[in-house]
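Data first, discussion second: the structure below is written as structure tokens.
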Amino acid sequence: MATNQESFSGKINRKLIKKQRIIRVAAGREDADVVLKNATYLNVFSNELCTGDIAVCEGLIVGMGEYSGREEYDMTGKIVLPGFIDAHIHLESALVSPKEFAKAVLPHGTTTVITDPHEITNVMGTDGIDYMLQATEGLPIDVRFMLPSCVPSTPMDESGANLDYRAIDSFYDHPRVQGLAEMMNYPGVVAGDPATVEKIVAAQAHHKKIDGHAPGLRGKDLCAYVAAGVYSDHECFDMEDALAKLRLGQFIMIREGTAAKNLDALVGLLGSQYYERCMFCTDDKHPNDLLEKGHIDYIVRRALALGADPIRTIKAASHHAARYYQLNNRGAVAPGYLADFAIVDNFTDFNVQMVFKKGVLYYDGALRDFPAPQVEDYLTERAHDTFHVAHLRPEDFRDERRRGVIGLVPGEIVTSDNGYAERVDLEKDILKIAVIERHRGTGHIGLGYLQGYGLKAGAIATSISHDSHNIIVVGTSSKDMAAAANRVVENRGGIVVVKDGEMKAEVVLELAGIMSDRPLTEVNEALEHAKEVAFSLGVSRGVDPFMTLSFMSLPVIPTLRLTTRGVIDVLSQQYI
């Protein structure tokens, strides 16, 4: 007991010494660690641009005015903004390790992200949460977590785990866990399903946030969803949908990612009447988008080009997410807040020129290197061994019965019900599609048809198939479909394009079948090459060959989807 008391006393003493130094620097009695001289900075409290020096000590902003520092940076001609916050993202969507993700977004001014690790958790169960917590510890972006609420997304899906509230409850005690992630099973919430509602009740018992996912939900069903305790939504696709939720008290995450792009439809939310209830998120962000367009800075740049007010837009990119998630020392340039800065040239071009994290300059035209976090051996080995699938044969994909036809909707991840088919018909652009269970060796293979994809020859397979990440394969022949799926298993995950039994392109994703150990630039190069090969085989240029496929097995987005047991009508939750 004495040792514990001494340890506690020692911590208090160290914090006291640090706090006393912060006070001395703030009062001007001692030089700061870092000073941003001659700064024009956004004051998110008074909604104006202010000027002065910004003093930093012990990773915190401590003073505004006139200061001296051990390191000084002249901010003349620049604008200092609070570091950007992505309010909802799945890090796995970048297809690389968390360190590589951090390397990609730091130069764009992102200093905090709120991640939902439900992709890897659907593969590895709670080991996936542990893996991501360890793989993000100590990175120069602050990675906060929302615990996956739907593993699998619905009881009709098959994933690598089936987690009830007890399985995730202990994670709420982790200091970087903010709450319960997107409650995709909104039909279960509205129906009062016990297992679903238990997760909400447990999160509230820990005084945590609960995020939503309810595209198009209206009326009394929406009232029931909000009354259950779901505080936000990132699935709004038009102003009518967004305002229906905002008027009932939900916070709206304006999403502009790789798969879903809602900014154009929702930019009106950044008007003075609504903007305080809004924040930005990307949800999913593929390598090419991160490299070519950017991250939250890209959303800001586009919003400004659409005529949005700069100050409101920046607050949606930082301050509002910090307030919503109760990250009370982020999202502002003011004393007592973390010295997380995104420094831009102006509000027209909006180029990020410098990025500080806790007062350390990480980007100034070049990115400062940092080590990868250590992940325990068991979790590393587990992440590299997630496929349990018997060798597949062409006969596994042959079926003469009539099956539902999933129709692609251009530019959307929703689908249409295009009736039934019993064979591949290239003239009508009808292809065979299959989803192969890969976690438990069940041998389950769901079969159906896909229309609107455009493939004219060969097959394409991927182990990125939201959210359960079974193997999804589409093709013109059973032989090529079997070859493509077997190659995915052989690679321990990834994307494969096959024609006449020959591998034409592949992207290896050996981490849980959804991420790569390699650098983002290498993964992007392989991915872009594979896309071009897919296009050369006929895939429509207006379709992302792999992202489109990845959503065809997600049984919570209307209208038709394909699971390991067959084609499902999402609205009725019935197989057809």
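The values are calculated or read from the model by the stated rules, or taken from the named source; none is laboratory data. Keep in mind it's a predicted model, so treat the numbers as computed, not measured. We place every Cβ from the backbone using ideal geometry, glycine too, and count neighbours over all the protein chains shown. All accessible areas refer to the heavy atoms of the entire protein, side chains included, with ligands and DNA or RNA removed. Shrake-Rupley method; radii C 1.70, N 1.55, O 1.52, S 1.80 Å.
Odds and ends about this structure:
- If you go through region 360-385 and keep only what is open to solvent by 40 Å² or more (accessible area, probe 1.4 Å), under 23 Å from the mean Cα position of the chain (by Cα) and more than 30 Å from ILE54 (Cβ to Cβ), you end up with ALA372, GLN374, THR380, ARG382.
- Contacts under 6 angstrom Cβ, first residue in region 15-35 being farther than 11 Å from LEU60 by Cβ, partner open to solvent by 80 Å² or more (accessible area, probe 1.4 Å) and at pLDDT 95 or above, 6 or more apart: GLU30/ARG24; ASP31/ARG70; VAL35/GLU72
- Of the residues making up region 37-78, just one is charged (D, E, K, R), in a strand (DSSP E or B) and closer than 16 Å to ALA27 by Cβ, namely ASP53.
- The residue pairs whose first member lies in region 478-500 and is touching a residue at least 40 places away in the same chain (Cβ under 8 Å) and hydroxyl-bearing (Ser, Thr, Tyr), whose second member is buried (at least 20 other Cβ atoms within 10 Å of the Cβ) and part of a helix (DSSP H, G or I), and whose beta carbons are closer than 6 Å, counting only pairs six or more residues apart or on different chains, are SER478/PHE397.
- Among the residues making up region 197-243, those that are in contact (Cβ under 8 Å) with a residue 40 or more places away in the chain, part of a loop (DSSP other than H, G, I, E, B) and either open to solvent by less than 10 Å² (accessible area, probe 1.4 Å) or of a type in the set (Val, Ile, Thr) (or both) are HIS213, VAL230, HIS234.
- In summary, helices (runs of 4 or more DSSP H) completely within region 79-185 and bearing 3 or more residues that are open to solvent by 10 Å² or more (accessible area, probe 1.4 Å) occur at 98-105, 126-136, 165-169.
- Boolean, HIS391 is surrounded by 16 or more Cβ atoms within 10 Å (Cβ to Cβ), not in a strand (DSSP E or B) and not polar (S, T, N, Q): no
- Against the numbered list (1) in contact with a His (Cβ under 7 Å, 6 or more places away or on another chain); (2) without any contact (Cβ under 8 Å) to a residue 40 or more places away in the chain, VAL44 comes up short only at (2).
- Any chance GLY513 is out of contact with any helix residue (DSSP H, G or I) (no Cβ under 6 Å at 6 or more places or on another chain), surrounded by fewer than 17 Cβ atoms within 10 Å (Cβ to Cβ), in contact (Cβ under 8 Å) with a residue 12 or more places away in the chain and of a type outside the set (Ser, Thr, Tyr): no
For every residue, the table says whether it meets (1) open to solvent by less than 40 Å² (accessible area, probe 1.4 Å); (2) within 26 Å of PRO117 (Cα to Cα); (3) part of a loop (DSSP other than H, G, I, E, B).
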| site | (1), (2), (3) |
| --- | --- |
| LYS245 | yes, yes, no |
| LEU248 | no, no, yes |
| ARG255 | yes, yes, no |
| PHE280 | yes, yes, no |
| ARG301 | no, no, no |
| LEU304 | yes, no, no |
| ALA308 | yes, no, yes |
| ALA321 | yes, yes, no |
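Yes/no per residue for (1) of a type in the set (Val, Ile, Thr); (2) open to solvent by 20 Å² or more (accessible area, probe 1.4 Å); (3) over 26 Å from ASP127 (Cα atoms):
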{"position": "LEU450", "(1), (2), (3)": "no, no, yes"}
{"position": "LEU455", "(1), (2), (3)": "no, no, yes"}
{"position": "ALA485", "(1), (2), (3)": "no, no, no"}
{"position": "GLY501", "(1), (2), (3)": "no, yes, yes"}
{"position": "VAL507", "(1), (2), (3)": "yes, no, no"}
{"position": "GLU528", "(1), (2), (3)": "no, yes, yes"}
{"position": "GLU532", "(1), (2), (3)": "no, yes, yes"}
{"position": "PHE535", "(1), (2), (3)": "no, yes, yes"}
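- Qualifying residue in region 511-519 (condition: assigned to a helix (DSSP H, G or I), under 23 Å from VAL489 (Cβ atoms) and at pLDDT 95 or above): no
- Of all residues in region 538-551, those being out of contact with any Leu (no Cβ under 6 Å at 6 or more places or on another chain) and either β-branched (Val, Ile, Thr) or open to solvent by less than 20 Å² (accessible area, probe 1.4 Å) (or both) number 8.
- Pick from region 418-446, criterion in contact with a Gly (Cβ under 7 Å, 6 or more places away or on another chain) and assigned to a strand (DSSP E or B), ranking: most open to solvent (accessible area, probe 1.4 Å): TYR420
- Selection of region 555-569 for residues being touching a strand residue (DSSP E or B) at 6+ places or on another chain (Cβ under 6 Å) and part of a loop (DSSP other than H, G, I, E, B) yields PRO555, THR559, THR564, ARG565.
- Evaluation of ASP31 against the conditions (1) under 30 Å from ALA135 (Cβ atoms); (2) open to solvent by 30 Å² or more (accessible area, probe 1.4 Å) shows that the sole unmet condition is (1).
- Number of residues in region 323-336 that are open to solvent by less than 40 Å² (accessible area, probe 1.4 Å) and out of contact with any His (no Cβ under 7 Å at 6 or more places or on another chain) equals 6.
- With respect to the conditions (1) surrounded by 20 or more Cβ atoms within 10 Å (Cβ to Cβ); (2) among the acidic types (Asp, Glu); (3) free of Cβ contacts under 8 Å to residues at least 24 places away in the same chain, ASP467 lacks only one, and its number is (3).
- Only one entry of THR154, THR136 meets the criterion of being at pLDDT 95 or above and among the β-branched types (Val, Ile, Thr), and that entry is THR136.
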